1. Just to check I understand the Karplus step: with θ = phi - 60° and J = 6.51 cos²θ - 1.76 cosθ + 1.60, what whole-Hz values come out for segment 118-125, glycine and proline as x?
2. Given the options LEU211, VAL161, GLY223, identify the residue whose Cα lies farthest towards the positive end of the charge dipole of segment 154-231 (+1 on Cβ of Lys, Arg; -1 on Cβ of Asp, Glu).
3. Out of the trypsin sites (Lys or Arg not before Pro) in segment 52-105, which ones are loop residues according to DSSP with at most 14 other C-beta atoms within 10 Å?
4. Gain in length, ARG205 to ASN72, computed as 0.36 nm per residue apart minus the alpha-carbon separation, to one decimal in nm?
5. Using Cβ counts within 10 Å as a stand-in for footprinting exposure, how do CYS220, CYS209 rank, fewest first?
6. Among 186-198, 103-115, how do they line up by average Cβ neighbours within 10 Å per residue, starting with the highest?
Amino acid sequence: MQVSWVIRGRITFPDDGDHSFWYHPRQKTLYWDRDYNQAKKWKGKYQEKHHFVHIGCFADRSPRAICGTVTNYAAHEAIEKCFERARREGNEYFSVQYKTRCFTSRSAGDTYNKYGAASGCENGRGGMWKNSVYRIPPTQMMASTQQPIQCGWKKYPKACVMGHNLKKYLGMKKSLSECKSLCAEHEDCVAVEYGVNYHGRGYPRAGDCLLQSSVNMDHCDGGHWNLDLHVKPVRDCGAMNQTMNILLCLFIACFFIFLVLMLYRPCV
């Protein structure tokens, strides 16, 4: 298959002159006119373009320093894709290990150095049992999450997520509330796929519950797989709602007291 390249522009580097960069339309990946090793001296510019900061090389072993689902990407785009996944899931830290493996979780910032610093990470893509760790600046996190705070579960009919199952409860006929409770018990669970009888050919059936570590609905047909996607609330707004209810009750009580005083005040 022939690949079409689109030249997007040129950048001038103080120490190395002009260089072109290309954008791959299908993979949505940026390429320089030199390979990554030669571009390392452009580290600041490279990472500024990609909006993340390299923290360092850190050791890993079982249990993993960064918990959650591992995603594999092609080596040439692993860093960029892992960054996109972390930002999409609202995670500040992510790592690439052994060239292709992507790790990220909500607690990664507290656990990535669990086994201490290491050497031997290559080309910013880690090594065998070694993580190249990155951090997404808060400004970039805000850019990806500037939307109204979600207090309740949000339902996406006939939607699902590809390749991010944390745990499957198949054939157990879980209720939707039970499925959501199971997700609430897992820190890395951000959504649930819940089985609905759409008469699709996929294997999930009504009442099946699948915990998810991602909310990326691209290329997943929930109608075929008999699934709805329910996204976990960004935060628990129960306390906020309780406060609003109390204030509303106080307002109503004061209003009725005012009416009583006005109706039954003594005549002068």
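1. Couplings: 9, 10, x, 5, 10, 6, x, 10 Hz.
2. Highest projection toward the positive end goes to GLY223.
3. Sparse-neighbourhood loop trypsin sites (Lys or Arg not before Pro): ARG61.
4. Extending this stretch completely gives an extra 45.1 nm.
5. Starting with the residue having the fewest Cβ neighbours, the order is CYS220, CYS209.
6. Averaged packing, sorted descending, gives the order 186-198, 103-115.
Coordinate-derived values only; no laboratory data. Note that the structure is predicted; figures quoted are calculated from it, not measured. Neighbour counts are summed over all protein chains in view; Cβ atoms, including those assigned to glycine, are modelled from backbone coordinates with ideal geometry.
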